[in-house]
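**Q** Just dropping this structure here.
Bear in mind these aren't lab numbers, they're just calculated from the coordinates by the rules spelled out. Because the structure is a prediction, the values reported are computed rather than measured. Backbone-built Cβ (ideal geometry, glycine too); neighbour counts: all protein chains shown.
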Amino acid sequence: MTTRWMPTLLTLALLLIGGGYGQTAQAAPLVSSSATQHLLLSDDLLDRMIAFARERGAFEKAHPGNDEDDSDDDDDTGVPTLASMASRMDADPDTRAMLARHGFTGKSYLLAMTTLAHAGAQVRMAGTKWASTMPGAASVDPRNINFYKQHAAKISALNALNNPDYSPEEDERMAHDLRSIDPEDFDDCVLLIPATLPLTPLAEPGSIATTPASRIELARATGKVAEHFHSERLKKDFTIIADEVRRHAHEPRIESASLAAALEDSKTWAAGRCKGSGS
């Protein structure tokens, strides 16, 4: 197994912030705010997280090319959840054994990661309206915020181990963008990214052939996502996309100008709303 899907802290922060701020809230979150409130970050905990990430990286290098199916990463809205990540970690024997060697289960490891993410989000969003409106904000232990500040270099190293493409500069740029995004658009921006990924290939000329059942399921999930957007424009775009995927479900390949136009319109919306311009 390879675990290149392992989230960085910023990814987790996006899931936590976006998942709790508006309509995309998870029905059964992996951890409660009280759980993260009572987990105190420590050098021992961070060192074990780094040790696990380092062993995982060595395992990947020793077993290259073992890409895995990502189909079980989502809940029924098509959006990745922390619970699905934890279940996937525990379901794989190699990952489960690595976690155990460092005193973790999938759930306890992601609890530690989410605790770091909550603290990091407070550090990143200090001085903005997000600092008080993010889920769990009131329950973040000030000692964890201080720990994050004092161990920024080691936390950055953990992110780099979890994601070979991690860049502190890019991380800071993304955090800066998050700070300046219009609050009314924030929830939609978080939902839009994972919702768009499985749809993009369908808008390419001569989209890849797949089974009618998988397209019908994608249409169902896309229709549900449409209901969660605050933006009426995005609701309309994703309803069109869902209808077009369903309409072309039994055709060898999807050739739909309406689908392509709706997807492009959602990208145009994101370009104006998800980079802090507020336009």
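**Q** Dividing the Cα radius of gyration by the Kirkwood radius, what Rg/Rh value follows for region 239-278?
**A** My calculation puts Rg/Rh at 1.16.
**Q** Length gain on complete extension for the stretch MET174 to ASP47, per 0.36 nm per residue less the alpha carbon to alpha carbon distance?
**A** 43.1 nm
**Q** Can you compute the charge dipole magnitude of region 184-273 about its Cα centre, using +1 on each Lys and Arg Cβ and -1 on each Asp and Glu Cβ, nothing else charged? Give it in debye, rounded to the nearest 20.
**A** It works out to roughly 240 debye.
**Q** Here's another thing I want to ask about it. Using 7 Å Cα-to-Cβ label points, what is the ASP94/SER214 separation (nm, one decimal)?
**A** It is 2.3 nm.
**Q** Counting Lys and Arg as +1 and Asp and Glu as -1, what is the net charge of the other residues whose Cβ lies under 11 Å from the Cβ of TYR148?
**A** Net of charged neighbours comes to +3.
**Q** Give me the extension gain from GLN150 to GLU232: residue separation times 0.36 nm, minus the current Cα-Cα distance, reported in nm with one decimal.
**A** Difference between extended and current length: 25.2 nm.
**Q** Next up: Between the alpha-carbon centers of region 81-120 and region 47-63, tell me the distance in whole angstrom.
**A** 13
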